[in-house]
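Just below is one structure, and these are the notes that go with it.
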Amino acid sequence: MLELQNLNASYGQAQVLFNVCLTVPRGHMLLIRGLNGAGKSSLLKTVMGLMAQSTGHLFWKGEALHPCSPHERSLKGLGYVAEDRRLFSALTVRQNLEIAIPRQPKLRPNGQPGLQLQEVLDLFPSLANMLARPAAQMSGGEQQMLAIGRTLMTQADLLILDEPCEGISPVLVQAIARALASLKLQGYTFLIAEQNQTLTHLADKVVSLSGGVIQDTAASRTLPKSLQKSLS
């Protein structure tokens, strides 16, 4: 579904990615693990078209993405949640969600329509109780749920998440993990960068990134028992 071939990226004279090759099949979750400065965020930005200095080949559903702007990539089904979330802080939860609805409804690869507002609220029930609340008055974990929900409202097929569980309360981490597990069971595809091992057991594959160079490692495909119970 998503294929990276010999991807390189730089900030000015400083190269941060070196010949990265990855494939993310449809319906799979790939985790990129590494310390701060390893190049994780730069890799996600490159996939989304936010790195001006990049070379190599990037394909989405067999189509070359390098000629496409970030907006065009979004229209093609790539959904990106940056580490800083980039919410509209003065808008309410409802407004943040509804502003992402595309003008032209899109079908997912399995022929099903994309998620609607109520389905997003079913994934993140706590958001249903704060629809009139400005995003600026939410906790970090609540903002993260809103950011993921807003991306789902764009009808994205691939969710590109940068540290989705970093710096938020354990209770909300579990809520986000349950939501991602549910989405994975529905056939969504994920490319996720994280330092910790919070989502490892949801992943089909984990790769380690160090100094902009990537190495493959194995990952469990077994959901944690707590998530299995919550989804049953």
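The values are calculated or read from the model by the stated rules, or taken from the named source; none is laboratory data. Computed from a predicted structure; not experimentally measured. Note: ideal-geometry Cβ built from the backbone for every residue, glycine included; neighbour counts use all protein chains shown.
What the table below lists for this structure:
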| read-out | value |
| --- | --- |
| Every pair of residues 6+ apart whose Cβ atoms lie under 9 Å, when the first sits in the range 136-148 and is farther than 14 Å from residue 166 by Cβ and at pLDDT 95 or above while the second is of a type in the set (Ser, Thr, Tyr) and buried (at least 20 other Cβ atoms within 10 Å of the Cβ) | none |
| Sole residue being more than 15 Å from the chain's Cα centre (by Cα), at positive phi and of a type in the set (Gly, Ala, Ser), chosen from 77, 167, 140 | 167 |
| Index of the failed condition, residue 155 passing every other in (1) modelled with pLDDT of 95 or more; (2) more than 18 Å from residue 199 (Cβ to Cβ) | (1) |
| Odd one out for residue 117, checked against (1) surrounded by fewer than 20 Cβ atoms within 10 Å (Cβ to Cβ); (2) in contact (Cβ under 8 Å) with a residue 40 or more places away in the chain | (2) |
| Residues satisfying the stated conditions in the range 163-177, i.e. in a helix (DSSP H, G or I) and buried (at least 20 other Cβ atoms within 10 Å of the Cβ) | 175, 176, 177 |
| Check on residue 192, farther than 21 Å from residue 128 by Cα, in contact with a Gly (Cβ under 8 Å, 6 or more places away or on another chain) and surrounded by 15 or more Cβ atoms within 10 Å (Cβ to Cβ) | no |
| For residue 130: the one exception among (1) surrounded by 14 or more Cβ atoms within 10 Å (Cβ to Cβ); (2) touching a strand residue (DSSP E or B) at 6+ places or on another chain (Cβ under 8 Å); (3) part of a loop (DSSP other than H, G, I, E, B) | (2) |
| All positions within the range 44-82 that are of a type in the set (Ser, Thr, Tyr) and farther than 19 Å from residue 147 by Cα | 46, 54, 55, 69 |
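Conditions (1) at pLDDT below 95; (2) surrounded by 15 or more Cβ atoms within 10 Å (Cβ to Cβ); (3) hydroxyl-bearing (Ser, Thr, Tyr); (4) under 16 Å from the mean Cα position of the chain (by Cα), marked per residue:
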residue: 85; (1), (2), (3), (4): yes, yes, no, yes
residue: 91; (1), (2), (3), (4): no, yes, no, no
residue: 105; (1), (2), (3), (4): yes, no, no, no
residue: 110; (1), (2), (3), (4): yes, no, no, no
residue: 121; (1), (2), (3), (4): no, yes, no, no
